[in-house]
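Undergrad: Let me begin by handing over the structure; questions about it come next.
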Amino acid sequence: MLTCAPLTTPFGEMLLAADAHGLTHLCLPGETLDRTDLVRIAPADHPLLAEAARQVRAYLAGRLHTFDLPLALHGTPFRLRVWAELQTIPYGRTLSYGELAERLGSRARARAVGGAAHANPVAIIVPCHRLIGANGSLTGFGGGLPLKQALLDLERDHPGPERRP
């Protein structure tokens, strides 16, 4: 069973979901969670969803640079490795799909990295928006390229303490 709660943001309605082990989903505007075992509640009625909502709002306001939430991610071993590696990309920085694939052992797996990033169930929290094309272009994002650009702009405009001059 998943417990889910809506999250209103400046970018539109998102949806947070959690199971007994941690946060399982952050659906971006326009994304849906097609499950029959969903229990819908208000975020305030679930401590983890309330904290996740607080952290996402703080991030979107430029006040939070690192998430601290228990995650319950389910995927193939490769996807789990990609999602773990995505979490090492510092706030305000980007990495190409090929560079991330190289970190995982083979630059030739860049396309597979893209597929894993696209399957990321907790976008923003696991920052797949920080992946870009080899030439610096924006490519693929579940929430759409305008949202990806907005998130990158947000991080550029609200640098973390390690990037302040």
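Undergrad: Give all pairs with beta carbons closer than 7 Å in which a residue from the range 131-159 that is over 20 Å from Trp83 (Cβ atoms) meets a residue that is part of a loop (DSSP other than H, G, I, E, B) and among the aliphatic types (A, V, I, L, M); count only pairs at least 6 apart in sequence or on separate chains.
TA: Leu145/Leu138; Gln149/Leu138
Undergrad: Return the pair list, or none, for Cβ contacts closer than 9 Å from residues in the range 65-76 that are farther than 13 Å from Leu48 by Cα to residues that are among the polar types (S, T, N, Q) and in a loop (DSSP other than H, G, I, E, B), at least 6 apart or on different chains.
TA: From residues that are farther than 13 Å from Leu48 by Cα, the pairs are Leu73/Asn120; Gly75/Asn120.
Undergrad: Which members of the range 15-61 meet the condition of being part of a helix (DSSP H, G or I), surrounded by 12 or more Cβ atoms within 10 Å (Cβ to Cβ) and among the hydrophobic types (A, V, I, L, M, F, W, C)?
TA: Listed by number, the residues that qualify are Leu48, Leu49, Ala50, Ala52, Ala53, Val56, Ala58, Leu60.
Undergrad: Output yes when any residue across the range 32-42 is more than 26 Å from Ala117 (Cβ to Cβ), touching a residue at least 24 places away in the same chain (Cβ under 8 Å) and in contact with a Pro (Cβ under 9 Å, 6 or more places away or on another chain), and no when none is.
TA: Yes, the range 32-42 contains at least one residue that is more than 26 Å from Ala117 (Cβ to Cβ), touching a residue at least 24 places away in the same chain (Cβ under 8 Å) and in contact with a Pro (Cβ under 9 Å, 6 or more places away or on another chain).
Undergrad: Have a look at Ala72, Ala101 and point out the one that is surrounded by 12 or more Cβ atoms within 10 Å (Cβ to Cβ), touching a strand residue (DSSP E or B) at 6+ places or on another chain (Cβ under 9 Å) and aliphatic (A, V, I, L, M).
TA: On the way: Ala101 fails: touching a strand residue (DSSP E or B) at 6+ places or on another chain (Cβ under 9 Å).
The conditions single out Ala72.
Undergrad: Does the range 24-37 include one or more residues that are farther than 17 Å from His129 by Cβ and at pLDDT 95 or above?
TA: Narrowing the range 24-37 to residues farther than 17 Å from His129 by Cβ: 24, 32-37.
This time we only want the ones that are at pLDDT 95 or above, so: 24.
Yes, the range 24-37 has at least one match.
Undergrad: Residue check: is Thr3 over 16 Å from Ala123 (Cβ atoms) and surrounded by 19 or more Cβ atoms within 10 Å (Cβ to Cβ)?
TA: On the way: over 16 Å from Ala123 (Cβ atoms): yes; surrounded by 19 or more Cβ atoms within 10 Å (Cβ to Cβ): yes.
It is true that Thr3 is over 16 Å from Ala123 (Cβ atoms) and surrounded by 19 or more Cβ atoms within 10 Å (Cβ to Cβ).
The values are calculated or read from the model by the stated rules, or taken from the named source; none is laboratory data. Computed from a prediction, not measured in an experiment: that's the story for all the values here. Methodologically, a virtual Cβ is constructed for each residue, glycine included, from the backbone with ideal geometry; neighbour enumeration extends over all protein chains shown.
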